[in-house]
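Here the structure comes first, spelled out in structure tokens, and everything after it is commentary.
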Amino acid sequence: GNHVIRMISREGDEWTVSTIAGPQPTDGSTNKQTGFVDGIGASARFYFPRGLTRDAAGNLYVADMNNSAIRMISQVGDSWQVTTIAGSPPSNGVVTGNTNGPGPEARFNLPVIVVSSSTGELYVNESLNKTIRKIHKVDGEWHVSYFSGGVAGGHSDGQPEDANFFAGINLAVDPQ
């Protein structure tokens, strides 16, 4: 509900909570500053960020649910840089859908969870499209493809192309 990404870190016996991306409310209240802005630290904006994962290089990935986008947060010195890797580009406003392709052209509909595999792919559970999508690099650029499920939804087991889900809210990747 604060539309920010916060980090809990430990030094010795002390724990510290800090906001690494998104604006911090000045009066201690709930942050109501939603939006879709890539940027450094407090200049970035989210709209109900949900799922969060980390890759082997230490980058964070966020399912920015109401912006229907997947965002990457990378540490740059003492700051954190937010960039959109897949979903509607910030200059075009929020555009939902079910489109695969290069990151900026891909469309999601309420992504709720993103997980990272040991081989560097990301998997996204989309609530309204009832699908699991795969995000991977093709010639150094992010690319979104279908992995499993379907817009019709339902409950059926089988190979990824045959399985169906109904508005899933979680996802995990086998570490192997």
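Details
- Note on Ser43 and Asp139: the extension gain reaches 31.6 nm, defined as 0.36 nm multiplied by sequence separation minus the Cα-Cα distance.
- For Asn100 and Thr34, the difference between the fully extended length at 0.36 nm per residue and the C-alpha to C-alpha distance is 21.2 nm.
- Met72 sits with roughly 40 Å² accessible to a 1.4 Å probe, with DNA, RNA and ligands left out of the calculation.
- The range 1-88 shape via C-alpha gyration tensor axes, a/c threshold 1.5: oblate
- Choice from Arg133, Arg45, Arg54 showing the highest fluctuation, given a GNM over the chain with Cα pairs closer than 10 Å: Arg54
- Full-stretch length increase - Asp157, Glu11 - with 0.36 nm per residue and alpha-carbon distance subtracted: 48.0 nm
- Once Rg and Dmax of the Cα atoms in Å is calculated for the structure shown, the corresponding label among (i) 16.4, 52; (ii) 18.1, 58; (iii) 19.9, 57 turns out to be (i).
- Top of Gly58, Gly149, Gly97 by mean-square fluctuation, Gaussian network on the chain, Cα under 10 Å: Gly58
- A Gaussian network model of the chain, with springs between Cα atoms under 10 Å, assigns the largest mean-square fluctuation among Pro102, Pro23, Pro160 to Pro160.
The values are calculated or read from the model by the stated rules, or taken from the named source; none is laboratory data. As the structure is a computational prediction, the values presented were derived from the model and not from experiment. Calculation scope for accessible area: heavy atoms of the full protein, side chains included, ligands and nucleic acids excluded. Shrake-Rupley method; radii C 1.70, N 1.55, O 1.52, S 1.80 Å.
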